[in-house]
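Engineer: Could you have a look at this structure, given as structure tokens, before my questions?
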Amino acid sequence: MRMLMIVVDDGKKEELEVLLRKAGVTGWTEIAGASGMGTTGPRLGSAAFPKTSAVLFTIVEDERARTLAEEIKSYCAECGERLRIASWAVEELL
């Protein structure tokens, strides 16, 4: 199993959620309104730097992780959205 962490502009998270549903992903955890610093500059949710990010986590089968990441990246390339996806192996304990 693999965990995917997807970081996207907060304003695009609903589109990402639709894409995840269409791809058959049955669940994820979201951290909305995340602040930080990245290649696009500060995202602090303040008057000076109003943008924030959404961070979504999901766990999928190993073979599905790469194709799902490719589907998400392809979609974002079409709409011009910049996002980041990280993945790591996880072990289900229960």
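The values are calculated or read from the model by the stated rules, or taken from the named source; none is laboratory data. Please read all numbers here as calculations on a predicted model, not as lab measurements. Note that each Cβ is placed from the backbone with ideal geometry, even for glycine, and that neighbours are counted across all protein chains shown.
Engineer: Which members of region 44-62 meet the condition of being at pLDDT below 90 and loosely packed, with under 14 Cβ neighbours inside 10 Å? Quick ask: steps written out before the conclusion?
Structural biologist: Restricting attention to region 44-62, the residues satisfying the condition of being at pLDDT below 90 are 44-53.
Answer for region 44-62, where residues must be at pLDDT below 90 and loosely packed, with under 14 Cβ neighbours inside 10 Å: Ser46, Ala47, Ala48, Phe49, Pro50.
Engineer: For region 63-94: of the residues being surrounded by fewer than 10 Cβ atoms within 10 Å (Cβ to Cβ) and either touching a residue at least 12 places away in the same chain (Cβ under 8 Å) or charged (D, E, K, R) (or both), which is nearest to Met5 (Cα to Cα)?
Structural biologist: The extreme case among them is Trp88.
Engineer: While we're on this one: Which of the residues that make up region 37-78 are of a type outside the set (D, E, K, R) and in a helix (DSSP H, G or I)?
Structural biologist: Just the residues of region 37-78 that are of a type outside the set (D, E, K, R), to begin with: 37-42, 44-50, 52-60, 65, 67-69, 72, 74-77.
Hits for region 37-78 are Ala65, Thr67, Leu68, Ala69, Ile72, Ser74, Tyr75, Cys76, Ala77.
Engineer: Considering only residues of region 8-43 that are at pLDDT below 85 and surrounded by 13 or more Cβ atoms within 10 Å (Cβ to Cβ), which is farthest from Leu56 (Cα to Cα)?
Structural biologist: Pro42
Engineer: A follow-up question, please. List every residue pair whose Cβ atoms lie under 8 Å apart, where the two residues are 6 or more positions apart in sequence or sit on different chains, the first residue falls within region 9-33 and is farther than 20 Å from Arg64 by Cα and among the aliphatic types (A, V, I, L, M), and the second residue, located anywhere, is surrounded by 11 or more Cβ atoms within 10 Å (Cβ to Cβ) and at pLDDT below 90.
Structural biologist: Close Cβ pairs satisfying both conditions: Ala32/Asp10; Ala32/Lys13; Ala32/Thr52.
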